[in-house]
Amino acid sequence: MAGKQIPVHPGLFTEGKSPQLVGSKCADCSEVTFPKQSSCPKCTSEKAEEILLSRKGTLWTWTIQHFAPPSPPYDGPQGDDFVPYGVGYIELEEGVRVESRLTINDEKLFKIGMTMELGIEKYRTDADGNDVMTFVFQPAS
Ligand SMILES: [Zn+2]
């Protein structure tokens, strides 16, 4: 039986052709957060409203994860199945910096300030055979 695609955490991103990250914006001080929060981390206002974030941003900093991180919390491929991956912070137009897995893992391909675009990618297969999907950023085409 074919597995379904399920998000790694509910409510992180929208599904469909042009997915967007789900964040929140404070109605009082305009602070934007990701993931969304019910109250503002900056001014503690309860008036944080859900917003959809830009699909593009710029690379603020990055590194390459060369070995499987400690598990838990890491639950992706281990041992021979592990493939090094890029990790970085993407600064979105809204001013929020999002920590994300990156689709590139060759240091020659990274440039601080380059434009990156959101994508959704399979992260692992769960015990029921479902594809667990997570968000990634890739160099914008
Ligand atoms: Zn606020």
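In this structure, Ile120 does not qualify as touching a residue at least 40 places away in the same chain (Cβ under 8 Å), touching a Phe, Trp or Tyr at 6+ places or on another chain (Cβ under 8 Å) and within 30 Å of Cys29 (Cα to Cα). Taking Arg55 as the residue in question, decide whether it is surrounded by 12 or more Cβ atoms within 10 Å (Cβ to Cβ) and touching a Leu at 6+ places or on another chain (Cβ under 8 Å). Criteria met by Arg55. Looking only at residues that are at pLDDT below 95 and under 30 Å from Lys42 (Cβ atoms) in the stretch 73-92, which one is surrounded by the most Cβ atoms within 10 Å (Cβ to Cβ)? Among them, the one singled out is Tyr74.
Scanning the stretch 21-51 for residues that are more than 8 Å from the ligand (Cβ to nearest atom), surrounded by 13 or more Cβ atoms within 10 Å (Cβ to Cβ) and part of a strand (DSSP E or B) yields Leu21, Val22, Gly23, Ser24, Lys25, Val32, Thr33, Ile51. Only residues that are farther than 23 Å from Asp81 by Cα and of a type in the set (Phe, Trp, Tyr) were counted in the stretch 109-141, giving 1.
Checked against (1) away from the ligand (no atom under 16 Å from the Cβ); (2) part of a loop (DSSP other than H, G, I, E, B), Ile6 passes all but condition (2). Looking only at residues of the stretch 59-69 that are among the polar types (S, T, N, Q) and surrounded by fewer than 16 Cβ atoms within 10 Å (Cβ to Cβ), we find that the one that is nearest to the ligand (Cβ to nearest atom) is Thr61.
Restricting attention to the stretch 9-20, the residues that are touching a residue at least 60 places away in the same chain (Cβ under 8 Å) and assigned to a loop (DSSP other than H, G, I, E, B) total 4.
The values are calculated or read from the model by the stated rules, or taken from the named source; none is laboratory data. As the structure is a prediction and not an experimental result, all values here were calculated from the model. FYI the Cβ positions are ideal-geometry reconstructions off the backbone, even for glycines, and counts take in every protein chain you see.
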